[in-house]
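Below you'll find the structure, written out as C-alpha cells, and then a few comments.
The values are calculated or read from the model by the stated rules, or taken from the named source; none is laboratory data. As the structure is a prediction and not an experimental result, all values here were calculated from the model. Glycine also receives a Cβ, built like all others from the backbone with ideal geometry; neighbour counts cover every protein chain displayed. Note: areas computed on protein heavy atoms with side chains; ligands, DNA, RNA excluded. Shrake-Rupley method; radii C 1.70, N 1.55, O 1.52, S 1.80 Å.
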Amino acid sequence: MSKTNQGLKFLQQIIEKKREEERQQMKRTRKYKELLADYYYRSDHVNLEWSDALRDLKRHSAYEALDPKARKILFYEHIHDLAEKLEKRTRAQ
C-alpha cells in the first residue's frame, strides 16, 4: 500500500471515529432530554431550580453521561421550553 493510500485510510478512520463520537454524544443528549421530560412536565416545575433538580437527576446514568455544563444548560432549556409550552396552552384556553 502506498503512503498516499495509507494516509487516506488513516484520515477516513479519524473521520469515522469523530462521526461515531458525535453520534454517541447525540444519543447521550437525547437520553438526558428524555429524562428531563419524564421528570419535569407540570406547571409547578417551571420555577424549579437546578439545585433542586439535582436530587432527582444525579442517580441516573443519563445524567452521569454528560458533562456538568451541558447538564445544566439542557435543564434550563427544558424548563424554558416547558414554560413557553404552558403559556401557549394558557393563551389558547
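Along region 78-93 the Karplus relation, 6.51 cos²θ - 1.76 cosθ + 1.60 evaluated at θ = phi - 60°, assigns HN-Hα couplings of 4, 5, 4, 4, 4, 4, 5, 4, 5, 5, 4, 5, 5, 5, 6, 7 Hz to successive residues, with x for each Gly and Pro. For the chain, the relative contact order is 35 percent, taking Cα pairs closer than 8 Å that sit 6 or more residues apart in sequence and dividing their mean separation by the residue count.
Only DSSP H runs of four or more residues enter the estimate; each adds -39500 (n - 2.57), and after division by the residues of the chain the mean residue ellipticity at 222 nm equals -27000 deg cm²/dmol.
The lysines whose alpha-carbon is closer than 22 Å to the alpha-carbon of K9, local same-chain residues fewer than 8 away aside, are K17, K18. Heavy-atom accessible area, probed at 1.4 angstrom with all protein chains present, ranks T29, T4 as T4, T29, highest first. Taking the charge dipole of the chain about its Cα centre, with +1 at Lys and Arg Cβ atoms and -1 at Asp and Glu Cβ atoms, the residue from A92, L8, A65 reaching farthest to the positive side is L8. Overall, the chain carries a charge dipole of about 420 debye about its Cα centre when +1 sits on the Cβ of Lys and Arg and -1 on the Cβ of Asp and Glu, all other atoms neutral.
Note: the chain, Cα convex hull, 121 Å³ per residue.
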